[in-house]
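First up is the structure itself, then whatever we jot down about it.
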Amino acid sequence: MEQLLKENKAWIDSYWDKTVAKLRKTTLSSRYKLPRWSVDGVYDDRTQEDVGTWTNAFWPGINWLMYYATGENDFRTTAEISEKLLDEALKDYLNLTHDAGFLWLLSACANYRITGNEDSKNRALHAAASLASRYNLAGQFIKAWPGEHAGYVIIDCMMNIPLLYWAAKEADNVAFKQIAMSHADTCLKNHIRSDGSVNHVVDYDIHTGECLGPAVHGQGYNSQWSSWTRGQSWAIYGYTLSYLHTGEQRYLDAAKKVAHYFIAAAAARDYVVSSDFRAPDQEQMDSSAAAIAACGLIEIAKVVPEYEKKMYMTAALKLMKKLCETQCDFSDDDEAIVKFTTGSYNTFVHVSYIFGDYFFVEALCKLKGCDILLW
């Protein structure tokens, strides 16, 4: 694997330099924002409209990664401002969701990991307690949404439960880890199909815990049998993270199973990732799925036996190269970097979501050798 990275060093360094140059400007122009996406080339701001939406910590996450990688204080300042803006969401208990991991792993928890800020640690622990409170004992899952969909579980939450693994250590409370692993095991049983494709949303009876099967609501072409690519990538990275936090082989095996399906499907289209591998319209892309998958594949490559490493790292590099060459904008014409992200099948098609930028930056950081993991 080291030889492979060495062979690609010039390419990695070139795009890293372009990314750093662009973000040095953007961290100043969007310092007081919590962006969701770029509109007419400018990041929007969700601080007033929807401060608790799940995408709001990817901006501080980008800035913490850049501060860690470069040591430049402009990035740290922007990240710290973003964290304080998110306090308004933390105060609103009834509107906190399962996305607490997305929101506070990449903001407060990142701050604590990097700087040791105790106030940030406290914020992240409060968020973890809220996430743990969503656990359904009968079904052994963390619910995604309240109300009539209280039995819905989505594969995305595999990226949120690392907040519970972290909290178990910091609060010396094994219950957080037990809840996270219980949720991961439930999803392993009911979300991961035999061929490595993934059910996005699965419905459960909230009283008995009975699995009612794939829900009709989902972000793919057809949630009951299709293969929404961002869901595939959440599973790859999410189960890899559960393995890293627990050492349980079944989680790594699950990540590899989904990864093999993803790699084969992506390779069939020259590593341009569609929004759903089983949709009739394969021209509808989701570049964020490629960036998320690349992050997971790089982490898998680090932990598998020597003669498996090259396969995962090669796939990650091919995904990232295709992004850089065909789906990124490193100019000053748009504050966003990654283009052609799709919210869900036929909804918000080919926009520039902030999470696409975050995972692209994270993957580049990994390829550069940065040793921090914010998850």
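For this structure, a couple of remarks:
- Lysines whose Cα lies under 28 Å from that of LYS189, excluding same-chain neighbours fewer than 8 positions away: LYS143, LYS169, LYS177, LYS256, LYS257, LYS302, LYS309
- Mean Cβ count within 10 Å, highest first, over the residues of peptides 111-123, 228-240: 228-240, 111-123
- Average accessible area per residue (Å²) across the range 160-246 - probe 1.4 Å, nucleic acids and ligands excluded: 36 Å²
- Cysteines not pairable in the chain (beta carbon separation under 4.7 Å absent): CYS109, CYS157, CYS187, CYS211, CYS295, CYS324, CYS328
- Shape class for the range 272-375: oblate, because the ratio a/c of the largest to smallest gyration tensor axis (alpha-carbon atoms, square roots of eigenvalues) is 1.5 or more and b/c is at least a/b.
- Expressed as a whole percent, the accessible surface of the range 184-256 that belongs to carbon and sulfur atoms is 46, based on a 1.4 Å probe.
- Cα gyration tensor shape for the range 38-129, rounded if a/c is under 1.5, else prolate or oblate: oblate
- Considering the range 67-175 at the alpha-carbon level, its Rg and Dmax are found to be 14.7, 48 Å.
- Relative contact order for the range 81-166, counting Cα pairs under 8 Å that sit 6 or more residues apart, in percent: 30 percent
- Shown for the range 264-351: the carbon plus sulfur share of the solvent-accessible area, taken with all protein chains present and a 1.4 angstrom probe, equals 52%.
- Protection proxy ranking for 132-140, 151-159, using the average of other Cβ atoms within 10 Å per residue and placing the highest first: 151-159, 132-140.
- Per residue accessible area of the range 1-126, 1.4 Å probe, in Å²: 45 Å²
- GNM top mover of ASP203, ASP50, ASP286 - the chain, alpha-carbon springs below 10 Å: ASP50
- Shape of the chain, Cα gyration tensor, a/c cut at 1.5: rounded
The values are calculated or read from the model by the stated rules, or taken from the named source; none is laboratory data. Everything numeric here is computed off the predicted structure, so don't read it as measured data. Glycine gets a Cβ as well: all are built from the backbone with ideal geometry, and neighbour counts include every protein chain shown. For accessibility, only protein heavy atoms count, side chains too; no ligands or nucleic acids. Shrake-Rupley method; radii C 1.70, N 1.55, O 1.52, S 1.80 Å.
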